[in-house]
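What follows is a single structure, written as C-alpha cells, with notes after it.
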Amino acid sequence: MFNPTYTEEQAALVDTARKFTADTIIPAAHECDENERFPIEIFEAAFELGLMNAELPEAYGGLGLHTVDGCLIAEEIAYGCAAVATSLVCNHLGSLPLMIAGTEEQKTKWFGRLVDELCFVSYCCSEPEAGSDVASMKTRLTRDGNEWVLTGQKRWITNGGQASFYTGFATLDPKLRHKGITAFVVDREQKGVSVGKKEKKLGQRASETVDVLFDEVRLTDDQIIGEPGRGFAIAMETFDKSRPMIGAQCAGIIRRCLDESIAYAKERKTFGVPISNHQAIQFMIAEMAMAHEAVKLLYSKAAWEVDNGVRRSNTSAITKCMGADMAVKSATDAVQIFGGYGYTREYPVEKLYRDAKLMQIYEGTSQVQRMVIAKNLLMRS
C-alpha cells in the first residue's frame, strides 16, 4: 500500500542532491540561461556523484534505484534549474524503451555505455507533424534484405546534439497508424544520422533542443526494440513511467517559487510594512505551499505505482498535468509578488516563469493529459 514517507537512505539522497544544487547548479544557472549554454561541467559532476542514471538496474552497472528515488533527485535539481533537470533526467527517458522491451544483449550493450563514462541518450518520438498524436508519425522503417532502413525527421529532441545514441520510434507504414509503430536504438556515429540547429527557446535555455535527422540509416535486427509493429505500447508505457519525474520537476519549481517569494515578501516594504503583512500576498504564498504539498504527494504516488507494477492508472497523467499547471501558476504569482523587479532578469522568478511554461507542453501537453485522464475514466465506466 502506498506510504508517503521516505526512508533514511532516501533522505540522505535528498540531502546529497540538495547540496549539489546549492553548491553547483544555482550559482551557474543565471549565466547558463543568459548565454544558452549547455553546462557540461555540471553533468560531469552529477555523473560522478551518482545523480545521473540512478535507475539503471544493478545487473547492467547502474545504481538500481527506484522511480521514487529518481523523482526525489529530480525535484532537488529542478529547484536549482529546470533546464539542468530536464537534461539530467533525459537519460532516464531515453533508457526506458530498452528497460521496457530490450533484450538482455541490448541492455548490456547500451546501458554499459551510460555507466562507463558520462554519456547522453536522447528519446526520439516527436516529429514536425506528430507531437501529441504519436500514431501519425512519418519516420519510416523499411525492410531491405537482412537490414532495416530508417528515414525521417525527429523534432524537439532534448540533448539531441549531445547524445551518443538515440532510442526512438518509426512506422512500418503510416496507414497502419499505431499498429505500425516500431521502436529502435541507433548510434550517433552511424552513417545517415545528423543533427539540426539548436532551438532558440523562451525558457529552459541551458537544455539543448534540436532536430535529429535519419537519412537512410541502416539498422540491424539487434537495433529493433521489441517486436516490429508493437512500438506504440512501448511508447505509451514509457510516458506512463516518465511522467512522475515531470511532476517531481514541477514540485521543485513550485518550492523555489515559494522560497523566493517568502524571502522577498519579508524584505520588501509598502505602506510602511513588509508586504508579507498583506493578505493578498499571504494568499499567493499559501497557495504555493498547498501546490507543493499536493504535487509532491502526487508524484510520490505515481512513482510508487511505477515501482510496484501498477499500469495504466491515471496517476501519472494527473501528476504531470496538475504539476505543470501549478508550476505555471506559482511562477506567475511569484513574479506578481516581486512586482516590477520580478519582470527583470535581475531576480530568479523571471526565469522560473519562463522555465515553468515548458512543463505544460513537453511529454504530452496539459490538454492531452486531460484527454488521457477522461478516456481512462470513461473506458472503466
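What follows draws every value from the coordinates through simple rules; no lab data is involved. Fair warning: this is a prediction, and the values are worked out from it, not measured in the lab. All Cβ positions, even for glycine, are placed from backbone atoms using ideal geometry, and neighbour counts span all protein chains on display.
Which helices, taking whole DSSP H runs in the chain, have alpha carbons extending 24 angstrom or more along the helix axis plus mean Kyte-Doolittle at least -1.0?
Helices passing the filter in the chain: 82-101, 231-267, 279-307, 315-338.
Quick check: from the Cα gyration tensor, does the stretch 192-332 come out rounded (a/c under 1.5), prolate or oblate?
Here the stretch 192-332 falls in the oblate category.
Between the stretch 285-311 and the stretch 71-115, what's the alpha-carbon centroid distance in Å?
20 Å
Highest first, please rank the peptides 9-18, 297-306 by the mean number of other Cβ atoms sitting within 10 Å of their residues.
Highest to lowest by the protection proxy: 297-306, 9-18.
Cα-Cα over 26 Å: which of LYS19/LYS269; LYS138/LYS191; LYS107/LYS191; LYS154/LYS200; LYS109/LYS301; LYS266/LYS301?
Violating the 26 Å limit, Cα to Cα: LYS19/LYS269; LYS109/LYS301; LYS266/LYS301.
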